[in-house]
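Beneath this line is the structure, given in C-alpha cells, with notes to follow.
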Amino acid sequence: MEKVSYDLAKEEFNRWLDFKRVKPKVREDYKETIESLVENIQFGFLRIDEDCNLIQELIFPIEADIVTRELTYKPRVKVGEIHNALKGIKASDAHEMIKAIAAHLIGMPKGFLSNLDTEDYSICQNIALFFIPK
C-alpha cells in the first residue's frame, strides 16, 4: 500500500542525493537503483529524517535477543572509515564489499546483515552502492 505519492518520494530521495552532493553522472549511472529506493520510500519501507539519515523499516524484522524493526544508515562517511570497513576484503568480492559498507553505515558487524531477509537486504545493498569509493 502506497504511503506517499511517487512524486513526494522522488522529491524526498532527491533531498538525500543533494545532501550527499551526488553528481548528475552518478545519478544517471544509478538510475535503476534510485528508482528502487524511491519506490521503497513510496511504500513506506524507507524514510529520510531531518538529518538525512536513511531509515529502513524492515519488511521482516530480525528476531534475536531483541527484535530489530529498522536500520538507520548514516548519510555521510569519511573515506578512511570505508577503508577500515573494507580491510581484509578482496576488491574483486563486490558482495562482501557492499555488505561491509552497509554494516558500517548502520554501525553493526557484518555478520548482523546475514540475518536480513533477501527483500530487506536488497534495499540495504542499494543504499550501500552510494558509498563505494570510485
Worksheet item: Pairs, please: C-beta under 6 Å, at least 6 apart or cross-chain, first residue closer than 18 Å to Asp93 by Cα and in contact (Cβ under 8 Å) with a residue 24 or more places away in the chain and in the range 104-132, second β-branched (Val, Ile, Thr) and surrounded by fewer than 20 Cβ atoms within 10 Å (Cβ to Cβ)?
Response: Asn126/Thr33; Leu129/Thr33
Discussion item. Restricting to the range 78-98, name every residue that is touching a residue at least 24 places away in the same chain (Cβ under 8 Å) and buried (at least 16 other Cβ atoms within 10 Å of the Cβ).
Written reply: Ile82, Met97, Ile98
Practice prompt. For Glu119, state whether it is out of contact with any helix residue (DSSP H, G or I) (no Cβ under 8 Å at 6 or more places or on another chain), assigned to a helix (DSSP H, G or I) and surrounded by fewer than 20 Cβ atoms within 10 Å (Cβ to Cβ).
Written response: yes
Item to complete: Name, by its number, the condition in (1) part of a helix (DSSP H, G or I); (2) farther than 10 Å from Tyr73 by Cβ; (3) modelled with pLDDT of 90 or more that does not hold for Gly111.
Response: (3)
Practice prompt. Confirm whether Ile98 is over 20 Å from Phe19 (Cα atoms) and of a type in the set (A, V, I, L, M, F, W, C).
Written response: yes
Worksheet item: Only one of (1) of a type outside the set (Val, Ile, Thr); (2) over 13 Å from the mean Cα position of the chain (by Cα); (3) at pLDDT 95 or above is not met by Leu105, so which one is it?
Response: (2)
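The values are calculated or read from the model by the stated rules, or taken from the named source; none is laboratory data. For clarity, every value in this text was computed on a predicted model and none was experimentally measured. Using ideal geometry, Cβ is built from the backbone for each residue, glycine included, and neighbour counts are taken over all protein chains shown.
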